[in-house]
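The values are calculated or read from the model by the stated rules, or taken from the named source; none is laboratory data. Predicted model only: the values in this text are computed from it and were never measured. Here Cβ is always computed from backbone atoms with ideal geometry, including for glycine, and neighbour counts include all displayed protein chains. Areas reflect the complete protein model, heavy atoms only, side chains present, ligands, DNA and RNA absent. Shrake-Rupley method; radii C 1.70, N 1.55, O 1.52, S 1.80 Å.
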Amino acid sequence: MVEQIMNTKSSESLLRARLAANAQPCGIGASVAFGAESLDRRLGGGLAKAALHEIYAATIDAASAAAFALLLACRANRAKPIFWVREAKARFGGKPYGHGLAELGIPPDILFLVEAPDTIAALRAGADITRCGAVGAVIIEPIGKAPALDLTASRRLALAAGHSGVMTLLLRTGVEPMPSAAHTRWQVASAPSTPFPANAPGHPAFDVTLLRHRGGIAGIEARLEWNRDRQSFDQTPLPGGVPAVAFGGTSQAVERRAA
């Protein structure tokens, strides 16, 4: 089932029109920048666009990981539709709220939700969508351990992303990282934001840790806040004066500091 957020017209007809209008393939070899200068510099300009990336929720931070994946997908391409493919049983955890997306500066009508009956169907649908260069980005959300998401399945997704130039994000919650063909692997947790004047709530904030990078980059930990006006991430200091981006020759990620 395909569902478009906040639109009363037929999702399927709108989808066909949007894909036809965006038939030009995505730029292969391009990078998706976070917008935070020091982090992007450490990553060599950002994340590879024509690649598969994994986003793991830290402990119970499923909502934060999902929001981070969606914001990153929007950074990849705001002019083309974004597809979120997930198993049907994920609906019990809720779904994106149109007005909430608008508050983040994300046009709700660019997001299409695809519900699949099981993991295999979700992976097949995700791979098929990723092969279409008219798509802006694809988020694939398997539920639980998802044995079907093995090294071969992830390699299939990575190859599809590499050929089409479509950024593909695997959203994982409640599971430990497994071997995969992903270009990068991130862990995401919610973080306290910098308050606005009069102690008003600030921008959405995330603590992100780079767990794996095929290019050998390691030791990156950052606190990012989503700036709605600039439609990008800002970097803020980690608690305890820890640098937001740690440089070093170790292959181990920097240990997280408690607030």
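Enumerate the aspartates and glutamates that K145 could reach by cross-link, defined here as Cα to Cα under 13 Å, with residues fewer than 8 away along the same chain left out.
K145 reaches E87, D118, E176.
So for the pair R230, E176, with labels modelled 7 Å out along Cα→Cβ, what separation do we get in nm?
If labels sit at R230 and E176, their model points lie 3.9 nm apart.
Starting with the highest mean, order 63-75, 198-210, 151-163 by the number of other Cβ atoms within 10 Å, averaged over the residues of each peptide. Don't jump to the answer; show the numbers that get you there.
Details: 63-75: 22.0, 198-210: 16.0, 151-163: 18.3.
Order by mean packing, descending: 63-75, 151-163, 198-210.
Please work out the C-alpha center-to-center distance from segment 38-107 to segment 179-200 and express it in whole Å.
Comparing the Cα centres of segment 38-107 and segment 179-200, I get a distance of 11 Å.
At q = 0.12, 0.23, 0.25 Å⁻¹, work out log10 I(q)/I(0) for segment 112-197 with the Debye formula, treating every Cα as an identical point scatterer and leaving solvent out; two decimals please.
Summing over Cα pairs of segment 112-197 leads to -0.39, -1.18, -1.36.
Suppose all protein chains stay in the model; what accessible area per residue would a 1.4 Å probe give for segment 117-179, in Å²? Before the final figure, lay out each step's value.
Details: 2640 Å² over 63 residues.
So segment 117-179 comes to 42 Å² accessible per residue, rounded to a whole number.
FRET efficiency for E103 and R124, Cβ-Cβ distance as r, R0 = 35 Å, nearest 0.05? Show your work: numbers first, answer last.
Numbers: r = 34 Å, r/R0 = 0.96.
The pair E103/R124 has a calculated efficiency of 0.55.
Give the dimensionless ratio obtained when the Cα radius of gyration of segment 52-188 is divided by 2.2 N^0.38 Å. Could you put the intermediate results ahead of the total?
Values: Rg = 13.5 Å, N = 137, 2.2 N^0.38 = 14.3 Å.
Relative to the 2.2 N^0.38 Å estimate, segment 52-188 comes out at 0.95.
Using a Förster distance of 30 angstrom, determine the FRET efficiency expected from the C-beta separation of L151 and A200, and round it to 0.05. Can you show the working numbers first?
Working: r = 47 Å, r/R0 = 1.55.
That gives a FRET efficiency of 0.05.
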